[in-house]
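Undergrad: Got a structure here, written out as structure tokens. Questions coming.
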Amino acid sequence: MLFGDRVVLVRSVVQSLYAKMYASVEKNGEFFMSPNDFITRYLGIVGAGVPNPNTVQLLGGVVDQTKDGLISFQEFVAFESVLCAPDALFMVAFQLFDKTGEGEVTFAPCGFRKQRYVPPPVPTRRGSQGAVHASPTPSTSSAAPIGQEPRSLGAAGEAPADWRPPSEITLRTPLPTQPSCSLSPDCFDPIHTPRTLTGTYRQRRETEQCGPSRGALLPTSEDVKQVFGQTTIHQHIPFNWNSEFVQLHFGKDGKRRLTYAEFTQFLLEIQLEHAKQAFVQRDNAQAGRVTAIDFRDIMVTIRPHMLTPFVEECLVAAAGGTTSHQVSFSYFNGFNSLLNNMELIRKIYSTLAGNRKDVEVTKEEFVLAAQKFGQVTPMEVDILFQLADLYEPRGRMTLADIERIAPLEEGTLPYNLAEAQRQKAPGDVSRPILIQIAESAYRFALGSIAGAVGATAVYPIDLVKTRMQNQRSTGSFVGELMYKNSFDCFKKVLRYEGFFGLYRGLLPQLLGVAPEKAIKLTVNDFVRDKFMNKDRSVPLAAEILAGGCAGGSQVIFTNPLEIVKIRLQVAGEITTGPRVSALSVLRDLGFFGLYKGAKACFLRDIPFSAIYFPCYAHLKTAFANEDGQVSPGSLLMAGSIAGMPAASLVTPADVIKTRLQVAARAGQTTYSGVIDCFGKILREEGPKALWKGAGARVFRSSPQFGVTLVTYELLQRWLYIDFGGVKPAGSEPVPKSRITLPAPNPDHVGGYKLAVATFAGIENKFGLYLPRFRPSPPTSQAAAAIGP
């Protein structure tokens, strides 16, 4: 299939999803979304409860570019491209304030908006396949726009072949001094009444609300003031719209319009201006100071996105920098400036500490280094060290203190927030089967490499362990006792067989490690995912079950691998006779002989994995840092510690498996099965014989699994491929955020994967907190209490 055909196919699927599931309004054979369809049903922003209709209309207007109260499929697709833009937060916020769709933001309480021409609806009919086609008969309704001849109809959703966009049309009719509609008279500007205005217009149903004359101009609303006035922040601490700040941006008469670039600067500056106005409002005595409680209320209300949980808890304690708990205006500005300059603070620290994170820096050293950066004042440094000392009073600061104070990563929304949402959500089981197969192959390859690295690293220990377990104190040919202990065994192998004797049998081990580790990791992850809760936690019983299933599944590869490896490892004990190789072992055993001792292998591998994987998961979580990331050293430690109890507790099963799989020489005891072997070992050698090689096994298995898993997880980080699944826990820091989002919706495709995070971002980054729910009506008792 050609690329262009694929794009058309994907678009048709999305359009079908749009029409059948979420678009509830049908008009002239075309489906539209209402604001409630888009905000509540599709995005699910509001959640449970009755949504606030004003908020729904306001947010829905961001997508509704024609401002007709409906969202067409073309507008739906266009907004998806907006969400993919690098400055999506600012663009969506701008569209929230651009209520007329003109590409400009107004403030003035009066004035008129220009109307853009939109062709009248084209009569359509629905085809057999659900597609929309143009009606074969021309429309007889609605005259052509002023200055144009009647036109023929084109395909649905397209301009007619003989139609061209109209140029600016000058309306010479003076506007009436009194409104001829039900709108408030305040929306008409008497200053502009005698003038003639130039503007494009559109012929839409809403124009008729302002009078019978077609093409009338709608009055503009107070875009900025009206939107900000609906936010909970401005309702709690009112903003002075008659301030010099507003006049500088919108002009003394408030008629100036802001372009997109100008609006982005205004949107950031108004937060600081609002904070300064709030300070003035709380300074009742006009002494240039406010109380610590007022300081905290201002910061928590107006600038919550700049506060980490630690800073928010310390606002009252840090207020003013003295025990009087009075905050001066200079301290107030310095505190806010410090939070704005935390990236610069990090840079200053790096000039002193380099790449290290644990270097303790004194205030004097920091002030001296800050002189190279003129934006940081000594007062801001004082506040910085004051906050650091509130956590641990030592007069010094490390990078951990800076991270504790630095604002949460809302500034990089929506990407970080959406990533945190994806990490906290269960795996998407609806992914295509080919994607899941590709992901399994990817993990299989990484698991193979990691297993080979781990096996090679500890193979000499494994060889010593095997020879110690196979050594019999009774029933041997000459009562042989070749090795006194594991260390003696290691020295003798190195002396008589050389360095490469320590790696005898490594090749078949490496050939078998790939499928063994791959299936073990895959089955464990698969079962864990099936029992994973919405918060990504897995019950302990499910973790044990997943580990047991992983251990059982690997026996199909482990047993043939182990029996060949063991026979090669013990072959070096006899210097006479024919040379033993992997091929000779395979010929002697045959296919079914490769599974000799499989029962003992089950007895060893199932308990081992059932103990190991839950221990590793919990240790990895315990070793994670404040960001939820686990360092390579911590991964190695977690894997090694988890291997100690798992390896030691299953040693008896490993001894039995070794005895069953080794070819008994003349005079040695033979065994017919697991129970027979267990009984003979107890009778002839005592219980201690079941724990032979336990030390060597722990020293082999513990570091092997530590090396294997740290290699596997590091490979996943270095060679990362996003298959849309769940990333390994601790593979990267979870973005800091106090925002919680619902689980991802599989219907959110493309840029719409970032839609909910984007709307959350404009709330938290710009302080645009809108009421989400309709206020509850008063109860009968409350109504009676306030009644006449």
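Undergrad: From the list ALA287, ALA317, which residue is over 27 Å from ALA88 (Cα atoms), at pLDDT below 90 and open to solvent by less than 60 Å² (accessible area, probe 1.4 Å)?
TA: Numbers: ALA287 fails: at pLDDT below 90.
Only one candidate qualifies: ALA317.
Undergrad: Is it the case that MET644 is modelled with pLDDT of 85 or more, over 22 Å from ASN470 (Cα atoms) and not charged (D, E, K, R)?
TA: On the way: modelled with pLDDT of 85 or more: yes; over 22 Å from ASN470 (Cα atoms): no; not charged (D, E, K, R): yes.
In short, no.
Undergrad: Looking only at region 444-454, decide whether some residue is aromatic (Phe, Trp, Tyr) and modelled with pLDDT of 80 or more. Walk me through how you get there before you give the answer.
TA: In the first step, residues of region 444-454 are kept if they are aromatic (Phe, Trp, Tyr); the result is 444.
Filter again for modelled with pLDDT of 80 or more, leaving none.
No; the residues of region 444-454 include none that is aromatic (Phe, Trp, Tyr) and modelled with pLDDT of 80 or more.
Undergrad: For region 87-100, indicate whether the set of residues that are modelled with pLDDT of 80 or more and not in a helix (DSSP H, G or I) is non-empty.
TA: Yes.
Undergrad: Give region 668-726 a look and list any residue that's of a type in the set (A, V, I, L, M, F, W, C), closer than 23 Å to CYS489 by Cβ and touching a residue at least 60 places away in the same chain (Cβ under 8 Å), or say none. Working first, answer last.
TA: First, the residues of region 668-726 that are of a type in the set (A, V, I, L, M, F, W, C): 674-675, 677-678, 681-682, 689-691, 694, 696, 698-699, 705, 707, 709-710, 714-715, 718-719, 721, 723, 726.
Applying the additional criterion that residues be closer than 23 Å to CYS489 by Cβ yields 677, 681, 689-691, 694, 696, 698-699, 705, 707.
Residues satisfying the conditions are CYS677, ALA689, ALA696, PHE699, PHE705, VAL707.
Undergrad: Go through LEU494, LEU507 for me and flag whichever is modelled with pLDDT of 80 or more, surrounded by fewer than 17 Cβ atoms within 10 Å (Cβ to Cβ) and either closer than 30 Å to SER553 by Cβ or of a type in the set (Val, Ile, Thr) (or both). Before you say what the answer is, go through the steps one by one.
TA: Details: LEU494 fails: either closer than 30 Å to SER553 by Cβ or of a type in the set (Val, Ile, Thr) (or both).
Just a single option satisfies the conditions, and that option is LEU507.
Undergrad: How many of the residues making up region 267-292 are free of Cβ contacts under 8 Å to residues at least 40 places away in the same chain and in contact with a helix residue (DSSP H, G or I) (Cβ under 7 Å, 6 or more places away or on another chain)?
TA: Residues in region 267-292 being free of Cβ contacts under 8 Å to residues at least 40 places away in the same chain and in contact with a helix residue (DSSP H, G or I) (Cβ under 7 Å, 6 or more places away or on another chain): 3 in total.
Undergrad: Here is a follow-up. Keeping to region 338-386, report how many residues are assigned to a helix (DSSP H, G or I), under 31 Å from the mean Cα position of the chain (by Cα) and either closer than 23 Å to LEU315 by Cα or of a type in the set (A, V, I, L, M, F, W, C) (or both).
TA: Going through region 338-386 one residue at a time, the tally reaches 11.
Undergrad: Within region 271-279, is there a residue that is closer than 25 Å to ARG394 by Cα and of a type outside the set (Lys, Arg)?
TA: Taking region 271-279 as the starting set, the residues that turn out to be closer than 25 Å to ARG394 by Cα are none.
Scanning region 271-279 turns up no residue that is closer than 25 Å to ARG394 by Cα and of a type outside the set (Lys, Arg).
Undergrad: In addition: Out of (1) modelled with pLDDT of 85 or more; (2) over 25 Å from VAL56 (Cα atoms); (3) small (Gly, Ala, Ser), what's the single condition that is false for GLY215?
TA: Every condition holds for GLY215 apart from (1).
Undergrad: Consider LEU17 carefully, then state whether it is open to solvent by less than 70 Å² (accessible area, probe 1.4 Å), at pLDDT below 90 and closer than 20 Å to LEU768 by Cα. Even if it seems obvious, please write down each step before you answer.
TA: Working: open to solvent by less than 70 Å² (accessible area, probe 1.4 Å): yes; at pLDDT below 90: yes; closer than 20 Å to LEU768 by Cα: no.
No, not satisfied.
Undergrad: Let me ask you something else. Do we have any residue at all in region 356-371 that's of a type in the set (S, T, N, Q) and open to solvent by 40 Å² or more (accessible area, probe 1.4 Å)? Spell out the reasoning first.
TA: So the first thing to find is which residues in region 356-371 are of a type in the set (S, T, N, Q), and the list is 362, 371.
Filter once more, keeping what is open to solvent by 40 Å² or more (accessible area, probe 1.4 Å): 371.
Scanning region 356-371, I find at least one residue that is of a type in the set (S, T, N, Q) and open to solvent by 40 Å² or more (accessible area, probe 1.4 Å), so the answer is yes.
Undergrad: Open to solvent by less than 20 Å² (accessible area, probe 1.4 Å), charged (D, E, K, R) and either modelled with pLDDT of 75 or more or assigned to a helix (DSSP H, G or I) (or both), is that true of LYS465? If you could, list the steps in order and put the result at the bottom.
TA: Numbers: open to solvent by less than 20 Å² (accessible area, probe 1.4 Å): yes; charged (D, E, K, R): yes; either modelled with pLDDT of 75 or more or assigned to a helix (DSSP H, G or I) (or both): yes.
So LYS465 passes the test.
Undergrad: Also, I was wondering about something else. Mind checking which residues of region 20-50 are at pLDDT 85 or above and β-branched (Val, Ile, Thr)?
TA: Scanning region 20-50 gives VAL25, ILE39, THR40.
Undergrad: Just to be sure, is PRO746 at pLDDT 70 or above and either under 30 Å from ASN524 (Cβ atoms) or in a loop (DSSP other than H, G, I, E, B) (or both)? Spell out how you get there, then give the answer.
TA: Working: at pLDDT 70 or above: yes; either under 30 Å from ASN524 (Cβ atoms) or in a loop (DSSP other than H, G, I, E, B) (or both): yes.
For PRO746, the condition - at pLDDT 70 or above and either under 30 Å from ASN524 (Cβ atoms) or in a loop (DSSP other than H, G, I, E, B) (or both) - is met.
Undergrad: Identify all residues within region 60-69 that are over 12 Å from SER34 (Cβ atoms) and either open to solvent by 30 Å² or more (accessible area, probe 1.4 Å) or touching a residue at least 40 places away in the same chain (Cβ under 8 Å) (or both); write none if there are none.
TA: Answer for region 60-69, where residues must be over 12 Å from SER34 (Cβ atoms) and either open to solvent by 30 Å² or more (accessible area, probe 1.4 Å) or touching a residue at least 40 places away in the same chain (Cβ under 8 Å) (or both): GLN65, THR66, LYS67.
Undergrad: Residues that are closer than 30 Å to PRO407 by Cβ, at least 3 per element: which helices (runs of 4 or more DSSP H) completely within region 621-709 meet that?
TA: Details: elements: 632-649, 651-661, 674-685.
Per the criteria, 632-649.
Undergrad: Sort through VAL311, VAL300 and tell me the only one that's within 15 Å of LEU339 (Cβ to Cβ), in the same structural domain as PHE250 (by the TED database) and either touching a residue at least 60 places away in the same chain (Cβ under 8 Å) or of a type in the set (Phe, Trp, Tyr) (or both).
TA: One residue alone meets the criteria, VAL311.
Let's see how each residue does on (1) under 18 Å from SER648 (Cα atoms); (2) at pLDDT below 80; (3) hydrophobic (A, V, I, L, M, F, W, C):
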| position | (1), (2), (3) |
| --- | --- |
| ALA666 | no, yes, yes |
| SER672 | no, no, no |
| ILE675 | no, no, yes |
| PHE678 | yes, no, yes |
| GLU685 | no, no, no |
| ALA689 | yes, no, yes |
| GLY693 | yes, yes, no |
| ARG700 | yes, yes, no |
| PHE705 | yes, no, yes |
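The values are calculated or read from the model by the stated rules, or taken from the named source; none is laboratory data. For clarity, every value in this text was computed on a predicted model and none was experimentally measured. Don't worry about glycine lacking a Cβ; one is built from the backbone with ideal geometry, like all the others, and counts go over all protein chains shown. For the accessible areas, the whole protein counts, side chains as well, though only heavy atoms, and no ligand, DNA or RNA atoms are used. Shrake-Rupley method; radii C 1.70, N 1.55, O 1.52, S 1.80 Å.
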